[in-house]
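K.L.:
Take a look at the following structure, please.
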Amino acid sequence: MRPVGFVLAVFVVALAIAPLTRGDDEKKAPADSDAITKIVNTYFENSASSEKIEKNAALFVQADVSVVGIAKGAGRDTVWSKTVTDLIPEQKKELQRHGRDIPYKVDSVKVELVDKALAVARLTYSNEFVKFRGVFTFTSEGGSWTIASFVFETRRPDQE
């Protein structure tokens, strides 16, 4: 009977200690999710302004990362892909053409941590002209979280 009591005591101690030993990953997950959400929000704050948009390049892991745009319902031929370094000057010219900032409203951001170095952020957002759905992938390889890719779909205001 004594070994059973000892095993039971060890089991109870293990259960008590388990939350303490796995706490680092559980505590890190909300912090990672918050950091990724902050990067997403920063990206769109910068994207609204011709004065700030060039700061977005630093949010990506490399300058040659591809951004892919898809126009919902327009067919495969209208899908485009550009590097961050090619896209940012075009976005800046478009903002300058309008002569004012064009703010984005981020409606939702859902972050999924795939593992310690890979995450996905799915989001919906809009500006005064278009609604969007997008997916960022993030990596924390080499330090803090950075954008590894960005794919978005544009929708007219009347499209779901």
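K.L.:
Which trypsin sites (Lys or Arg not before Pro) from the stretch 50-104 combine a DSSP loop assignment with at most 11 other Cβ atoms within 10 Å? List each step's numbers first, then the result.
P.N.:
On the way: sites: 52, 55, 72, 76, 82, 92, 93, 97, 100; in loops: 52, 72, 100.
Counting only loop positions with at most 11 other Cβ atoms within 10 Å, the trypsin sites (Lys or Arg not before Pro) in the stretch 50-104 are 100.
K.L.:
I need the phi-derived Karplus couplings for the stretch 70-75: 6.51 cos²θ - 1.76 cosθ + 1.60, θ = phi - 60°, integer Hz, Gly and Pro marked x.
P.N.:
For the stretch 70-75, the Karplus-derived couplings read 10, 9, 4, x, 9, x Hz, x marking Gly and Pro.
K.L.:
Next question, about the same structure. What distance in nm separates the two pseudo spin-label positions at residue 77 and residue 64, each 7 Å out from Cα along the beta-carbon direction?
P.N.:
Taking the two extended label points, one gets 3.0 nm.
Every number here is computed from the coordinates shown, using simple stated rules; none is lab data. Everything quoted here is computed from the prediction, not taken from an experiment. Positions of Cβ are generated from backbone atoms using ideal geometry, with glycine treated the same way; all protein chains shown enter the neighbour counts.
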